[in-house]
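Undergrad: This is the structure, below, for whatever I ask next.
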Amino acid sequence: MHQPRIMQLYKTLESHFGFLDWWPGDSKAEIVVGAILTQSASWKNVEKAIANLKSKDMIDPKRIANADIKRLEQLVRPSGFYRQKARRLRGFMSYVVKRHGSLESMFSNDASPLRAELLSINGIGNETADSIALYAAEKPIFVIDAYTRRILGRVYGTKRYEKSECYDILQKEIEASIRKDVVLYKDFHAQFVELGKNCCRAKPLCGSCPLKRQCKYFKDLQQ
DNA sequence: AACCAGGAGAGAG
DNA sequence: CTCTCTCATGGT
């Protein structure tokens with residue numbers, strides 16, 4: 001994977017969908033909460049859970065850290081896995097409050113140690129850590145998700161990317177291929193998700209895919 | 001009405 | 001270390 005190709009993909013997507021003001025979130029806390037709640041859940045359901053939390057003024061590290069677990073479960077319920085997620089949310093926030101006092105303080109660390117620290121927290125894996133690092137802490141870390149792997153897998157005609165152990169490899173390849181720019185990273189990932197929602201699945205809708213001209217899978221389909 | 005969603009961790013082998 | 005299972009609601 002080299003420079004022009006991956007950047008070309010971005011340009012194609014960006015000119016098709018336009019710049020996406022993605023994951024706006026009113027606060028860093030809201031982005032963190034969303035990152036945890038969206039684990040294997042649709043964003044629509046996450047929005048409901050976030051609305052519940054907002055209605056109780058609970059989008060706040062200290063309030064979540066001190067919340068009653070049963071109460072938290074009820075608020076978070078629409079996003080699924082609600083017992084797990086309530087625990088992960090509270091666990092994360094109480095770690096932050098005890099260790100750093102605030103998210104801002106935690107996020108003042110450099111990208112690499114911050115990522116490592118996030119990964120050490122229970123319930124925070126690769127993708128969630130990187131989402132938090134990029135969208136909440138605004139560090140230049142490229143987020144890899146299922147869509148990214150699937151789309152790149154189709155475009156380059158390989159199944160290698162779908163394997164979970166390739167996360168770090170793929171991430172480094174991409175980060176080495178494009179300029180380290182938080183705004184670019186944010187929007188690029190948003191573009192992948194936007195496309196991934198209705199393309200490149202088991203039954204691909206490649207006819208209307210903006211990447212069809214660059215997609216090996218689509219070309220093979222034409223034969 | 002099965003199937004999936006912007007995953008992660010524990011347990012088995 | 002690599003598979004497999006579990007967590008669970010709501011949309012299509």
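Undergrad: Output the number of residues of the range A:32-79 satisfying the condition of being among the small types (Gly, Ala, Ser) and within 23 Å of A:Leu119 (Cβ to Cβ). Full working, then the answer.
TA: Residues of the range A:32-79 that are among the small types (Gly, Ala, Ser), as a first pass: A:34-35, A:40-42, A:49, A:51, A:55, A:65, A:67, A:79.
Filter once more, keeping what is within 23 Å of A:Leu119 (Cβ to Cβ): A:34-35, A:40-41, A:65, A:79.
Matching residues across the range A:32-79 total 6.
Undergrad: Right, A:Tyr217: over 23 Å from A:Leu118 (Cα atoms), hydroxyl-bearing (Ser, Thr, Tyr) and not in a loop (DSSP other than H, G, I, E, B) or not? Lay out the reasoning, then the answer.
TA: Numbers: over 23 Å from A:Leu118 (Cα atoms): yes; hydroxyl-bearing (Ser, Thr, Tyr): yes; not in a loop (DSSP other than H, G, I, E, B): yes.
Taking the combined requirement at face value, the residue satisfies it.
Undergrad: Follow-up. Out of the residues in the range A:79-137 meeting the condition of being of a type in the set (Val, Ile, Thr) and assigned to a helix (DSSP H, G or I), tell me which one is farthest from DNA strand B (Cβ to nearest atom). Spell out how you get there, then give the answer.
TA: Within the range A:79-137, the first condition is being of a type in the set (Val, Ile, Thr), and the residues that meet it are A:96-97, A:121, A:124, A:128, A:132.
Filter once more, keeping what is assigned to a helix (DSSP H, G or I): A:96-97, A:128, A:132.
Details: A:Val96: 15, A:Val97: 19, A:Thr128: 3, A:Ile132: 9 Å.
Step by step, filter the range A:79-137, then rank; the result is A:Val97.
Undergrad: I would also like to ask the following. Would you pick out the residues in the range A:128-158 that are at pLDDT 95 or above and surrounded by fewer than 19 Cβ atoms within 10 Å (Cβ to Cβ)?
TA: A:Glu138, A:Pro140
Undergrad: A:Thr158 passes all but one of (1) part of a loop (DSSP other than H, G, I, E, B); (2) under 17 Å from the mean Cα position of the chain (by Cα); which number fails?
TA: (2)
Undergrad: Looking at A:Val193, A:Val143, A:Val155 in this structure, which one is farther than 15 Å from A:Ile6 by Cα and among the β-branched types (Val, Ile, Thr)?
TA: Numbers: A:Val143 fails: farther than 15 Å from A:Ile6 by Cα; A:Val155 fails: farther than 15 Å from A:Ile6 by Cα.
Being farther than 15 Å from A:Ile6 by Cα and among the β-branched types (Val, Ile, Thr) holds for just one of A:Val193, A:Val143, A:Val155, which is A:Val193.
Undergrad: Quick check on my filter: what residues within the range A:30-61 are part of a loop (DSSP other than H, G, I, E, B), surrounded by 15 or more Cβ atoms within 10 Å (Cβ to Cβ) and within 11 Å of DNA strand B (Cβ to nearest atom)?
TA: If the condition is that a residue be part of a loop (DSSP other than H, G, I, E, B), surrounded by 15 or more Cβ atoms within 10 Å (Cβ to Cβ) and within 11 Å of DNA strand B (Cβ to nearest atom), then A:Thr38, A:Gln39, A:Ala41 are the ones that fit.
Undergrad: Here's another thing I want to ask about it. Which residue is modelled with the lowest pLDDT, if the candidates are limited to the range A:185-200 and must be within 10 Å of A:Tyr147 (Cβ to Cβ) and charged (D, E, K, R)?
TA: So the residue we want is A:Lys197.
The values are calculated or read from the model by the stated rules, or taken from the named source; none is laboratory data. All values reported here derive from a predicted model rather than from experimental measurement. Backbone-built Cβ (ideal geometry, glycine too); neighbour counts: all protein chains shown.
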